[in-house]
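Down below is the structure, laid out as structure tokens.
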Amino acid sequence: MTFVNPKDFIGNAARRSPDKTAVVFAGEAVSYAVLNDWIGALARWLKVAGVGAGDTVALSLPNSLEFIVAFYAVMRAGAVVFPVSPKLTRKELVGLLTDAHADCVIHPKDDPRPLEVFQSADVSIALQLGFSGGDLLLESAALRVRPQAADKPVRGRTRYQPVVRQYSSGSTGTPKHMLKTSRNLFHDAWHFAAAFGLTEKDVFLGAAPFCHNYGLLSLLAASYLGATLVVVKQFLPHAVLEHIHKDQVTVYLATPAMLEILADCYLDPVPSLPSLRCCVSSTAPLTKAVFERFHCRFGLPVFQVYGSTETATNTVQKITDYTDETLVGTPMPGIEVQIFDEHFRRLPRGGVGRIGIKSSSACGGYLHNAAASAQTFRAGYVFPGDLGQLDADGALHVLGRDNVINVGGMKVDALEVERVLNSHPAVAESLVYGATDGNDQRLSAAVVLRSGGLTVAELLDHCRARLSEHKLPKITHIVDTLPRDEHGKIVRKAIKAHVRRSRGADPEKPLKSS
Amino acid sequence: MMNANTVGRKVAEVIQEVLGPETELAGLDPKTPLKAVSAIDSLAALRIMVALENEFKLKFEAANLEETFHSVETITRYIEARTGQGAA
């Protein structure tokens, strides 16, 4: 493996195969040579505007050609790229830009948001980016006078220079910022390409949002290989299937929610997708039911990768006989996965504990958050906050998120209780949490049933046979769903409000058992 | 053949089914923008679209999707136009 700086991915591919299609977007194919020219033009414009080393440039763009040009141009200009979701509320966006001290923001040319949004985050330059008739269109607004920052020297080895700023999805709390180096991005792309044996002949589908680590991986891996990337601005099932079929897509980085929609949407007839050899799922657990519906409909397996924003992708599961929902596969080449106890001591194989990852694609810590860094980054390992187990074959099983509830001084692992609840055949899924009762926490459970008929008393009898008394839920709510985010991931912190809403919706429902 | 009221009722039923009983839609005015319903995020909107496609055996065109999914009334109008249903 030879290190390639990600800022050179496009330039290298343009030198090797200038006429090869780099990107397909909105029905237009763009070659590597043309893409390289556009990136160079924007990088020069940024440098002239004084954007360079030490600056942060936010990209508030959807998946698009504009995003790709801006992403690589900012890196080429020597600044740090900060992709942010274009779906953020004004308050969220201003908060993130302010926290990142963003100097410049690049946004779409048809952006309805007023410039005051960026002004209130103390951004110096707002640059609208678009394309028209094959030309790159730039329209800038200087929001405040900024010191001339051009030609700041870049010190140190370039592979350790920060090039991308990201924030965690916040499933364990508020978003945490981190910086990724050139080395991190290169290894992320390399690990993924090596794990699946991908080459420049592959055609990637970029449907997951580029502003998140997993979506960005499709862009990085395709550019690293000099492959083709078909960009989808918004996930719509029929459009995605049409792209896979028409553009002969071979690699699709999907989410479980996307796969479920593709498995269930109305199709007459169901298209065959013979080109798709690498359909991958990540960001949330893939259930057996979704795997089977997708497989049954398209005749294709779904592979899983496991990772986090902090570590990028770490393990890969390529088993086509999907019988164990916890299995996320073996570490990718060059990545080490170990299991640790609560005191961060390594456990022998088979032990259940915190998942620790050592990877060249992992960042070094959170910015301005020493307490969170100390919890997550220890002794060269990153602890994403999940509990797991390595089996006899060295494959990783993710058993859930690290979630310990203190009940009257006794620590209860919420995931252990959930596993027992879920083992009842009438239970579809559950979430165990602590409800505050004075200074104490009452162990509570929200349970979704597969079908009616099971009473709370029967469910507790099932638990009583398998759990100590203090691990039995004291309050059990039968609910219709668990709260999830837009990626289908369960949002633990939203459970109390979710249960309150459920009770309000149907006060007659048998909700509580003490 | 369904009439306009029947299609509209069915659309509302499908949306309710997707969102689950914890989201009360019984009093929802057909003209109310669906964006105003907090339970309908982008993923829920996709699930509603998929459920409606399966219910009415049609595909929603990607163009003007935002306008089509503005409200129960606009969805109903689209389905009537596509299926020929709606004539009383």
If we keep only residues of region A:42-65 that are β-branched (V, I, T) and farther than 27 Å from A:G206 by Cα, then the residue surrounded by the most Cβ atoms within 10 Å (Cβ to Cβ) is A:V51
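I need the full set of residues from region A:365-406 which are part of a loop (DSSP other than H, G, I, E, B), at pLDDT 90 or above and closer than 27 Å to A:T287 by Cβ, in order please.
The answer is A:F383, A:D391, A:A392, A:D393, A:G394, A:A395.
Being touching a His at 6+ places or on another chain (Cβ under 9 Å) and in a loop (DSSP other than H, G, I, E, B) is the requirement here; does A:G334 meet it?
Yes: the conditions hold for A:G334.
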Selection from region A:238-268 of residues over 18 Å from A:F303 (Cβ atoms), facing another protein chain (nearest Cβ under 10 Å) and more than 20 Å from the chain's Cα centre (by Cα) yields A:H238, A:A239, A:E242, A:D264, A:C265, A:Y266, A:L267, A:D268
Discussion item. Is it the case, given these coordinates, that A:K471 is more than 14 Å from chain B (Cβ to nearest Cβ) and not hydrophobic (A, V, I, L, M, F, W, C)?
Written reply: yes
Scanning region A:1-33 residue by residue, those part of a helix (DSSP H, G or I) and in contact (Cβ under 8 Å) with a residue 24 or more places away in the chain turn out to be A:P6, A:K7, A:F9, A:I10, A:G11, A:N12, A:A13, A:R16, A:Y32
Picking from B:R47, B:R82, the residue that is buried (at least 17 other Cβ atoms within 10 Å of the Cβ), at pLDDT 80 or above and either touching a Leu at 6+ places or on another chain (Cβ under 8 Å) or in a helix (DSSP H, G or I) (or both) would be B:R47
Of the residues in region A:120-147, those that are assigned to a loop (DSSP other than H, G, I, E, B), modelled with pLDDT of 90 or more and surrounded by 17 or more Cβ atoms within 10 Å (Cβ to Cβ) come to A:A121, A:V123, A:S124
The residue from B:T74, B:T23, B:T6, B:T32 that alone is in a loop (DSSP other than H, G, I, E, B), among the polar types (S, T, N, Q) and either modelled with pLDDT of 80 or more or touching an Asp or Glu at 6+ places or on another chain (Cβ under 8 Å) (or both) is B:T32
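For region A:43-68, give me each residue that is farther than 24 Å from A:L88 by Cβ and not in a helix (DSSP H, G or I).
Correct list: A:A49, A:G50, A:G52, A:A53, A:G54.
This table checks each residue for (1) touching a strand residue (DSSP E or B) at 6+ places or on another chain (Cβ under 7 Å); (2) buried (at least 21 other Cβ atoms within 10 Å of the Cβ).
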| position | (1), (2) |
| --- | --- |
| A:P274 | no, no |
| A:A289 | no, no |
| A:V328 | yes, yes |
| A:G334 | no, no |
| A:I339 | yes, yes |
| A:R346 | yes, no |
Residues of region A:82-119 being surrounded by 15 or more Cβ atoms within 10 Å (Cβ to Cβ), assigned to a helix (DSSP H, G or I) and of a type in the set (V, I, T), in sequence order, are A:V94, A:V117
Restricted to region A:148-190 and to residues being modelled with pLDDT of 95 or more, of a type outside the set (D, E) and assigned to a helix (DSSP H, G or I), the residue surrounded by the fewest Cβ atoms within 10 Å (Cβ to Cβ) is A:R183
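The values are calculated or read from the model by the stated rules, or taken from the named source; none is laboratory data. Treat the numbers as computed from the prediction; the structure is a model and nothing was measured. Counting neighbours? That spans all protein chains shown, and the Cβs are built from the backbone with ideal geometry, glycine included.
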